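Quick notes on the structure that follows.
The values are calculated or read from the model by the stated rules, or taken from the named source; none is laboratory data. Everything quoted here is computed from the prediction, not taken from an experiment. We place every Cβ from the backbone using ideal geometry, glycine too, and count neighbours over all the protein chains shown. Remember, those area values only see protein heavy atoms, side chains included, never the ligands or the DNA or RNA. Shrake-Rupley method; radii C 1.70, N 1.55, O 1.52, S 1.80 Å.
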Amino acid sequence: MLEQTLAIIKPDAVRKKFSGAILARYEKEGFRIRAIKMRALSKGEAEGFYAVHRERPFFASLVAFMVSGPVVLVVLEREDAILGHRQLMGATDPSKAVKETLRALYGESIEFNAVHGSDSAETARFEIPYFFSTVELVG
Ligand code: ATP
Ligand code: MG
């Protein structure tokens, strides 16, 4: 099914100048970039985005990390984009991620793991409009 998913190039990867390589990989893997912007997230925006994790012990450090520098927000479209992007990202912990996945290539730890991706259709329905208005989702 043709789907859209939200990808975030996290502050660690932006800082290390991996944004271009990651975007090129998306296109190489057949994703179409439907919308894109670079933003510094506010603390409130990061807390709201990761609200499902608010009871986790790592929540405060996750939010601090996500506001530590600009991120690149991307809406990707492809057949089976949600699962396909999760596979391309690799495991949350880069040391456990399959070779050549984005986290294996560009992540440095379970916390500083380079990219985010929606993990289900329901999550994508929350995450895409969280950052993009209808008029930004251009054809
Ligand atoms: P994301 O939601 O960012 O795509 P994910 O779905 O693979 O990652 P989640 O379990 O949703 O993993 O965790 C969200 C983020 O919280 C992780 O990407 C990572 O940055 C951070 N995180 C997860 N587990 C830990 C942990 N044990 N210690 C520190 N940070 C963690
Ligand atoms: Mg997640």
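Each Lys and Arg contributes +1 and each Asp and Glu -1, all at the Cβ; summed about the Cα centre of the chain, the dipole is approximately 420 debye. Ligands, DNA and RNA are left out, and with a 1.4 angstrom probe the accessible area of the chain is 52 Å² per residue.
Most tightly packed first, judged by the mean number of other beta-carbon atoms within 10 Å of their residues, the peptides 40-53, 74-87 read 74-87, 40-53. The local environment of Thr123, defined by Cβ-Cβ distances under 13 Å, has a net charge of -2 under the rule Lys, Arg +1 and Asp, Glu -1.
Quote the charge dipole size of segment 66-139 about the Cα centre in Debye, to the nearest 20; the model charges only the Cβ of Lys and Arg (+1) and of Asp and Glu (-1). Its charge dipole is roughly 140 debye. Taking the 1.4 Å solvent-accessible surface of segment 15-107 as the whole, the part contributed by carbon and sulfur is 56%. Label separation (Gln87 vs Ile36): 2.3 nm, computed from points 7 Å beyond Cα along the C-beta direction. Give, to the nearest whole percent, the P(r) tail of segment 29-139 beyond 24 angstrom, counting all Cα pairs. The share of Cα pairs beyond 24 Å in segment 29-139 comes to 24 percent.
Other residues within the sphere of radius under 11 Å centred on the Cβ of His85, judged by their own Cβ, net out at -2 (K and R +1, D and E -1). Of the options His85, Gly44, Leu23, report the single residue whose Cα projects farthest towards the positive end of the charge dipole of segment 1-136 (beta-carbon charges: Lys, Arg +1; Asp, Glu -1). Projecting each Cα onto the dipole axis, the largest value belongs to Leu23. Under 19 Å of direct C-alpha separation, and excluding same-chain neighbours fewer than eight residues apart, Lys43 reaches these aspartates and glutamates: Asp12, Glu55, Glu111, Glu127.
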